[in-house]
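To keep things clear, I will list the structure first and then write my remarks on it.
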Amino acid sequence: MSTLKLRFRGAVASLGSEGRIALLERTTADDDVLRDTVTATIDAVRSQGDVVLKSLAREYDKVSLKRLDVPRAEWTKALDALDPAVRAAMERSARNIETAHRAFLPTASEVETEPGITIGRRPDPLGRVGVYAPGGRAAYPSSVLMGAIPARVAGVGEVILCSPPAAYGLPSPAVLAACAIAQVDRVFALGGAGAIAAMAYGTESVPRVDRIVGPGNAWVTEAKVQVAKACAIDSPAGPSELLLIADDSADVAQVARELLAQAEHDPLTCVVAVTVGDEVARQVELALETMVGGYSRHAIIRQALEANGGVISVDSLEDAVTLSNFYAPEHLMLAVRDADRILPMLRNAGTIFVGTTASVSFGDYMTGANHTLPTNGLARSYSGLSTLDFIRWTTYQRVTPEAAARLAADVGTFADAEGLDGHARAARAWIGRGETT
């Protein structure tokens with residue numbers, strides 16, 4: 001039996017309501033129990049604060065916490081105990097993340113729309129942000145670096161981080177070491193929806209933040225969505241995704257390695273190969289079947305491939321582009337001979353890997369690009385995490401007396417048309433005053 005959920009062949013004639021491919025519809029059904037549980041958790045944290053957070057730690061993490069914050073000495077201890085090779089890799093990653101994000105810092109600008117009328121826009125860093133670092137099945141120090149370093153580069157006043165405690169009452173040593181490398185300001189041993197609620201609304205121990213970023217499980221994602229009315233978030237995030245476009249020039253073994261690498265994240269991971277031609281599709285399927293058994297997380301990989309994996313064969317590279325733009329993947333890899341030609345046509349993707357030498361694994365850890373990316377088709381409207389997530393724009397306006405006099409009559413007319421007499425009076429007060437003020 002094939003590991004893959006679906007094999008589809010044929011030209012992509014239409015991706016409208018009648019022509020959609022089932023594999024590409026990856027939105028998850030609403031879970032009323034999850035949603036209601038998260039709502040109750042958020043309400044409890046808002047009303048009772050730290051006492052509820054400690055109760056949640058006992059219930060879900062099986063640990064009794066005397067304090068929620070993690071002393072800085074514990075971060076230092078974790079960093080000092082880190083394997084030297086791992087520390088070197090993490091520090092290299094941190095340098096590249098800082099270099100890339102510093103290069104893309106937004107800058108202030110002004111424009112004169114008419115003589116005497118100046119509009120300016122200035123990026124101001126947020127006062128305090130919260131980063132969530134997952135625990136549970138695996139700890140991800142890379143997510144600490146991806147969330148905290150761009151915030152620091154943007155000039156955020158204070159960066160706090162929440163990560164679930166292990167049985168000994170602290171987050172993963174690797175996460176704590178990453179906090180030290182990323183120069184996080186405060187760390188809390190908190191996980192799940194409770195951590196999100198604490199950062200969004202504040203408690204006796206946890207300060208309220210202006211934005212929450214970072215990946216998490218379904219409970220964390222639901223909590224982020226629910227608190228978004230009170231605290232900005234990066235984007236709702238679901239399981240990892242990879243869409244890989246391949247033609248007959250592709251290294252099929254490397255294509256399979258990329259798909260398998262992403263599938264090992266989670267049983268819900270979505271991995272799809274879009275091949276130009278049936279023969280490439282058959283080779284990719286064979287490589288996946290041959291190689292999967294050699295992976296340590298082969299059980300998880302098989303679950304992901306069976307639930308959300310597939311090879312879709314299309315007739316042309318243009319069809320592959322159309323399909324990709326519809327799918328709007330988190331990760332998009334181009335294993336084609338003319339990748340640069342189609343790169344400008346690909347508009348909806350969290351991040352694009354141009355050629356198999358640009359492995360998704362490199363982007364996950366080391367290139368400096370951010371790996372916190374939109375999923376579930378939200379790449380149509382959201383971007384990957386960047387310094388833009390850690391600033392807000394302040395707009396200011398200057399109008400000289402002469403320009404005010406020139407604006408007055410037209411603004412008064414416009415205000416009259418909207419029935420706003422007060423606006424019209426305020427504008428017309430400047431008629432004839434430009435030369436004497």
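The values are calculated or read from the model by the stated rules, or taken from the named source; none is laboratory data. Since the model is a prediction, treat every value here as computed from it, not as a measurement. As a convention, Cβ positions derive from the backbone with ideal geometry for all residues, glycine included, and neighbour counts pool all protein chains shown.
Assorted remarks:
- Every condition in (1) of a type in the set (Gly, Ala, Ser); (2) out of contact with any Gly (no Cβ under 8 Å at 6 or more places or on another chain); (3) modelled with pLDDT of 95 or more; (4) farther than 28 Å from Arg102 by Cβ is met by Gly368 except one, and the failing one is (4).
- Entirely in segment 121-231, the helices (runs of 4 or more DSSP H) that have 1 or more residues that are among the hydroxyl-bearing types (Ser, Thr, Tyr): 141-154, 192-201, 218-227
- Scanning segment 112-125 for residues that are touching a residue at least 60 places away in the same chain (Cβ under 8 Å) and either in contact with a strand residue (DSSP E or B) (Cβ under 6 Å, 6 or more places away or on another chain) or within 21 Å of Thr221 (Cβ to Cβ) (or both) gives Ile117, Thr118, Ile119, Gly120, Arg121, Arg122, Pro123, Asp124, Pro125.
- Candidates Glu112, Glu91 - the one that is assigned by TED's automatic domain parsing to the domain that holds Ala197, part of a helix (DSSP H, G or I) and either under 18 Å from Pro215 (Cα atoms) or at pLDDT 95 or above (or both): Glu91
- Some residue of segment 219-226 being of a type outside the set (A, V, I, L, M, F, W, C) and either more than 18 Å from the chain's Cα centre (by Cα) or closer than 20 Å to Ala100 by Cα (or both): no
- Residue in segment 360-370 that is surrounded by fewer than 17 Cβ atoms within 10 Å (Cβ to Cβ) and under 21 Å from Pro141 (Cα atoms) present: yes
- Qualifying position, being over 27 Å from Gly214 (Cα atoms) and not in a strand (DSSP E or B), among Leu385, Leu407: Leu407
Conditions tested, residue by residue: (1) of a type outside the set (D, E, K, R); (2) within 15 Å of the chain's Cα centre (by Cα).
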position	(1), (2)
Ile312	yes, no
Glu330	no, yes
Val336	yes, no
Phe353	yes, no
Ser359	yes, no
Gly363	yes, yes
His371	yes, yes
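- Condition check for Ala299: in the same structural domain as His331 (by TED's automatic domain parsing) and crowded, with 24+ Cβ neighbours inside 10 Å: no
- Qualifying residue in segment 391-414 (condition: surrounded by fewer than 18 Cβ atoms within 10 Å (Cβ to Cβ), outside the structural domain of Ala261 (by TED's automatic domain parsing) and under 21 Å from the mean Cα position of the chain (by Cα)): yes
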